[in-house]
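Participant: Okay, here's the structure, questions in a sec.
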Amino acid sequence: MYKNEIINEFLDRGLLNREQADMVAAQCENGEKPNEAAVRLELVSAEEALKVMGEYYGLPVSHIDSLEVDSGVMEKVSRYTALQNRFLPISFTDGALTVAISDPLDFVALSAVKSLYSGKINYILVERDQLISKIQSLAAVSSTASVLRDINETVSSNDEDEAFDEEEIRNAPAVKLVDSLLNEAILYRASDIHIEPFEKSVRVRYRIDGSLNDRAKFSVESYPAICARLKILSGINIAERRIPQDGRINMTIQDVEYDFRVSTLPTVYGEKFVIRILDKSAFSFTRTELGFTERENAVVDKILKHSYGIVLLTGPTGCGKSTTLYSFLKELNKDDVNIVTVEDPVEYTLHGVNQTQVNPKANLTFAAALRSILRQDPNIIMIGEIRDEETAQIAIRAAITGHLVFSTLHTNDAPGSINRLIDMGVEPYLVADAVVGVITQRLVKRLCPQCKTPALTTPAEMAMLGVETPAEIYHPHGCPFCNNTGYRGRTAVHEIMYMNDKLRNSINDKSYLENLRTLSVENGMVPLWNACCQLVLDGVTSISELMALFNE
């Protein structure tokens, strides 16, 4: 047995074997804590280590977002103190202070809490990264609220046509508000920020898990300064207000580099801003994380084993097509493979992949870039989107001359992409020869694992799901973990059409094109509806999401 009892706990639970326990024990001799060493060496997950520590010390374990933080209690502690000592006051009830900590052996945190309150203290264990993120999130929310109060209290009637120089903007309250909104949106897991002017106020909304959520309102009088600040940051012409403009902001928040794509649109009451948020440096999705099932992964494996041909991802804007393509490229990115992409814009950077961004002003279109890429001796080509006949023709010919090509199309289902290519002027025999597979994708919200409530299906739901006996499904409820929405995160649902000789023959015979979907299902394709029904039956999403998906 080991001197350290925590290591023995890991051993007893089967989380470590003897060799791994020896590795952890060696780190402990250098002063590292066993739980931290085991996580750092990737021998156990942070969640597993926390559970062991909680049970050993008799402390409850929770996800930080499941805890409802009393803002009044939090205001008594500065963000610096909370971050420096790694603790977060949660609530004060019946004379007892409840505090979240990440390590029961962190005596610095324990001492800081005791210096804050001398009465009864109840501790809850949470993961360290969750704790730090939550402290930052609460600080950002507090900062935004404070800046909004300042702006609304000190509104000045600036002339809309007044010019703002950079120094004035830098010293204005608008600077703090813009910076605070960008920080806060990251911590809320938002994908977009909408800033919309109206007659008397400006509305700020975040898109979280696909839905827009109101965040703040402030006086329209202060909006010119905020517009100017955003334009300066994103490199947009500050004096131009009559036409739409695009720009981008690169910022590092909590040691992570983010790319904010800024778009302006003139409206009746001023320019509306939409800011798309991209984490360019931290793309680490796997197929399983993106929602591919074991059955779907088996089909995708067959598709990716092809050395040439074209693979298409289809679906509406914002359904995650590019993210899925990146996950494929990440898998195929080997030292003996030359991968070249042409994108608009480059959303994630992949080490070892040659990525090109189109530039219409310099006549670097998808088609022009693709012609050049073919002279770069590529094995794999990724085209951000096939938008026109010329790009389609070049992509198809590249696919049948020994290159594996990936691209996206905007179609409602997988078989529809074949018709789209033919409508673009590509001959059916070329489409039949070139296409390896088509994946159609949609995103549905995941039910919150903390508060989803079970119920037996009604007769109408049974008919919808195609089951003959009542089945247990789940409905959204709402809790602090999901911000009372009932959902947390999203997952993809797929329809995969893998080309075989029978489907190719049907494409060559134009009279069978309208029956391509029926033939695809007969050859093993699972329709989107069926795939989403299975997610409902598996408790991943709700039947209301299923209905919303197909009522688009």
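Participant: Roughly what would the spin-label model give for Thr93 and Glu427, points 7 Å off Cα along C-beta, in nm?
Facilitator: That separation, rounded to one decimal, is 7.4 nm.
Participant: By its C-alpha gyration tensor, with a ≥ b ≥ c as the square roots of the eigenvalues, how is region 456-517 shaped: rounded for a/c under 1.5, else prolate for a/b larger than b/c, else oblate? The partial results should precede the final answer.
Facilitator: Numbers: a/c = 4.52, a/b = 2.06, b/c = 2.20.
Verdict is oblate for region 456-517.
Participant: Taking θ as phi - 60°, what are the ³J(HN,Hα) couplings along region 388-400 by the Karplus curve (6.51, -1.76, 1.60), each to the nearest whole Hz, with x for Gly and Pro?
Facilitator: 9, 5, 4, 4, 4, 4, 5, 4, 5, 5, 5, 5, 8
Participant: Out of residues 5 or more away from Phe406 or on other chains, whose amide H comes under 5 Å of its own, with H placed 1.01 Å from N in the peptide plane?
Facilitator: Long-range HN contacts for Phe406: Val311, Ile381, Met382, Ile383.
Participant: Reachable aspartates and glutamates from Lys200, Cα under 20 Å, same-chain residues fewer than 8 places away excluded?
Facilitator: Partners within reach: Asp150, Glu153, Asp159, Glu160, Asp161, Glu162, Asp214, Glu221, Glu271.
Participant: If you roll a 1.4 Å probe over region 417-492 with all protein chains in place, what percent of the accessible area is carbon or sulfur?
Facilitator: On the way: 1640 of 3400 Å².
Accessible surface attributable to carbon and sulfur in region 417-492 totals 48 percent.
Participant: Further question: With +1 assigned to the C-beta of every Lys and Arg and -1 to the C-beta of every Asp and Glu, and no other charges, what is the dipole magnitude of region 342-453 about the Cα centre in debye, to the nearest 20? Kindly include the intermediate steps, with their values, before the conclusion.
Facilitator: Values: 10 positive and 12 negative charges, 104 e Å.
Roughly 500 debye for region 342-453.
Participant: In addition: Sorted from largest down, give the three principal axis spans of the alpha carbons of region 214-311, whole angstrom values.
Facilitator: Its Cα atoms span 58, 32, 25 Å along the three principal axes.
Participant: Just to be sure I understand, if you calculate percent of Cα pairs over 43 Å apart for this structure, which of (1) 23; (2) 35; (3) 32 do you get?
Facilitator: Read-out taken from this structure: (3).
Participant: Please give the peptides 476-483, 298-305 ranked by average Cβ packing (other Cβ atoms within 10 Å per residue), highest first, as a rough proxy for protection.
Facilitator: Numbers: 476-483: 18.0, 298-305: 15.2.
Highest-to-lowest ranking by the protection proxy: 476-483, 298-305.
Participant: Sticking with this structure for a sec: For Met382, Met547, write out the residues from largest to smallest accessible area, computed with a 1.4 angstrom probe and no ligands counted.
Facilitator: Working: Met382 5, Met547 85 Å².
In descending accessible area the options line up as Met547, Met382.
Participant: Suppose the chain between Ser201 and Asn213 were pulled fully straight at 0.36 nm per residue; how much longer would it get relative to their current alpha carbon spacing? Could you put the intermediate results ahead of the total?
Facilitator: Numbers: separation 12, 0.36 × 12 = 4.32 nm, distance 1.67 nm.
Taking Ser201 through Asn213 to full extension adds about 2.7 nm, to one decimal.
Participant: With an 8 Å Cα cut-off and a minimum separation of 6 or more residues, compute the relative contact order for the chain in percent.
Facilitator: Working: 936 pairs, mean separation 49.9, N = 552.
Relative contact order for the chain comes out at 9 percent.
Participant: Could I ask something else about it? Any chance you could run the full-extension gain for Glu32 through Asn379? It's 0.36 nm times the residue separation minus the Cα-Cα distance, nm to one decimal.
Facilitator: On the way: separation 347, 0.36 × 347 = 124.92 nm, distance 4.64 nm.
Separation in residues times 0.36 nm, less the Cα-Cα distance, equals 120.3 nm.
Participant: How far is helix 528-537 tilted off the main Cα axis of the chain, in degrees rounded to 10, range 0 to 90?
Facilitator: 30
Participant: For a test of the definition: using alpha carbon positions, the gyration tensor, and the 1.5 limit on a/c, classify region 337-451 as rounded, prolate or oblate. Don't skip to the end; give the middle numbers.
Facilitator: Working: a/c = 1.77, a/b = 1.22, b/c = 1.45.
Oblate is the answer for region 337-451, as a/c is 1.5 or above yet b/c matches or exceeds a/b.
Participant: Also: Of Leu421, Val493, Leu409, whose Cα points farthest to the positive end of the dipole of the chain (charges on the beta-carbon: +1 Lys, Arg; -1 Asp, Glu; origin at the Cα centre)?
Facilitator: Leu421
Participant: In debye, nearest 20: dipole of the chain around its Cα centre with unit charges on the Cβ of K, R (+) and D, E (-)?
Facilitator: Values: 55 positive and 76 negative charges, 37 e Å.
That gives the chain a dipole magnitude of about 180 debye.
Participant: To the nearest 10 degrees, how steep is helix 128-153 against the longest Cα principal axis of the chain, on a 0 to 90 scale?
Facilitator: Approximately 90 degrees, to the nearest 10.
Participant: Could you report the accessible area of Asp150 in Å², rounded to 10, computed with a 1.4 Å probe on the protein chains as they sit in the structure?
Facilitator: Probe radius 1.4 Å; accessible area of Asp150 about 80 Å².
Participant: Now a separate question. Measure up Lys217/Lys272; Lys76/Lys134; Lys305/Lys330; Lys231/Lys272 against 18 Å on the Cα-Cα distance and list the ones that go over.
Facilitator: Values: Lys217/Lys272 14 Å; Lys76/Lys134 16 Å; Lys305/Lys330 14 Å; Lys231/Lys272 12 Å.
Those over the limit do not exist; all pairs fall within it.
Participant: Once both labels are modelled 7 Å past Cα along the beta-carbon direction, what's the Asp70-Asn419 spacing in nm?
Facilitator: Distance between the two pseudo-spin positions: 6.1 nm.
Participant: Please report the carbon-and-sulfur percent of the accessible area for region 23-155; probe 1.4 Å, protein heavy atoms only, DNA, RNA and ligands left out. Numbers along the way, then the final one.
Facilitator: Details: 3320 of 6860 Å².
Roughly 48 percent of what the probe reaches on region 23-155 is carbon or sulfur.
Participant: Another question, if that's okay. Ignoring everything except DSSP H segments at least 4 long, calculate the 222 nm mean residue ellipticity for the chain; use -39,500 (n - 2.57) per segment, divide by total residues, nearest 500. Present the calculation step by step, with values, prior to reporting the outcome.
Facilitator: Values: 22 runs with 215 residues, N = 552.
Calculated at 222 nm, the ellipticity per residue is -11500 deg cm²/dmol.
Participant: I've got another one for you. With the Cα gyration tensor of region 12-54 giving a ≥ b ≥ c as the square roots of its eigenvalues, does the rule (a/c under 1.5 for rounded; else a/b larger than b/c for prolate; else oblate) give rounded, prolate or oblate? Before the final figure, lay out each step's value.
Facilitator: Details: a/c = 1.80, a/b = 1.26, b/c = 1.43.
Because a/c hits 1.5 or more and a/b fails to exceed b/c, region 12-54 counts as oblate.
Participant: How much length, in nm to one decimal, is gained on full extension between Val268 and Gln357, taken as 0.36 nm per residue of separation minus their Cα-Cα distance? Numbers along the way, then the final one.
Facilitator: Details: separation 89, 0.36 × 89 = 32.04 nm, distance 3.31 nm.
Answer, rounded to one decimal: 28.7 nm.
Participant: Using the Karplus curve 6.51 cos²θ - 1.76 cosθ + 1.60 with θ = phi - 60°, what ³J(HN,Hα) values do you get for each residue of region 184-196, in whole Hz, with x for Gly and Pro?
Facilitator: With coefficients 6.51, -1.76 and 1.60, one gets 5, 4, 4, 6, 7, 6, 6, 9, 8, 10, 10, 10, 10 Hz.
Participant: For the chain, with the dipole built from +1 on Lys and Arg beta-carbon atoms and -1 on Asp and Glu ones, taken about the Cα centre, which of Ser372, Leu67, Asn338 lies farthest toward the positive end?
Facilitator: Among Ser372, Leu67, Asn338, the one farthest towards the positive end of the dipole of the chain is Ser372.
Participant: Right, another one. What is the helix-to-structure angle for 223-234, meaning the angle in degrees between its Cα long axis and the longest Cα principal axis of the chain, kept from 0 to 90 and rounded to the nearest 10?
Facilitator: Between helix and principal axis, roughly 70 degrees.
Participant: Provide Met525, Met23, Met464 ordered by accessible surface of protein heavy atoms (probe 1.4 Å), highest first. Provide the component values of the computation, followed by the final result.
Facilitator: Working: Met525 10, Met23 80, Met464 55 Å².
So, going from the largest accessible area down, we get Met23, Met464, Met525.
Participant: Using the Karplus curve 6.51 cos²θ - 1.76 cosθ + 1.60 with θ = phi - 60°, what ³J(HN,Hα) values do you get for each residue of region 477-492, in whole Hz, with x for Gly and Pro?
Facilitator: Karplus values, whole Hz, x for Gly and Pro: 10, x, 7, x, 4, 9, 6, 6, 9, x, 10, 8, x, 9, 9, 9.
Participant: Right, another one. Among DSSP beta bridges whose residues both lie in the chain, state the antiparallel percentage, nearest 5. Let's see the in-between values first.
Facilitator: Numbers: 58 of 88 bridges.
So the antiparallel bridges amount to about 65 percent of the total.
Participant: Something else: With a 1.4 Å probe and all protein chains kept in place, how much accessible area does Cys28 have, in Å² rounded to the nearest 10?
Facilitator: Cys28 exposes around 30 Å² with every protein chain in place.
Participant: Just grab the label-to-label distance for Ala460 and Ser118, each label 7 Å out from Cα along the Cβ direction, in nm (one decimal).
Facilitator: About 6.3 nm separates the two model spin labels.
Participant: Please work out the average accessible area per residue across the chain, using the 1.4 Å probe convention, and give it in Å².
Facilitator: 49
The values are calculated or read from the model by the stated rules, or taken from the named source; none is laboratory data. Keep in mind that what you see is a predicted model, and the values were worked out from it rather than measured. Positions of Cβ are backbone-derived with ideal geometry, glycine not excepted, and every protein chain shown enters the neighbour counts. The area values use the complete protein model at the heavy-atom level, side chains included, leaving out ligands, DNA and RNA. Shrake-Rupley method; radii C 1.70, N 1.55, O 1.52, S 1.80 Å.
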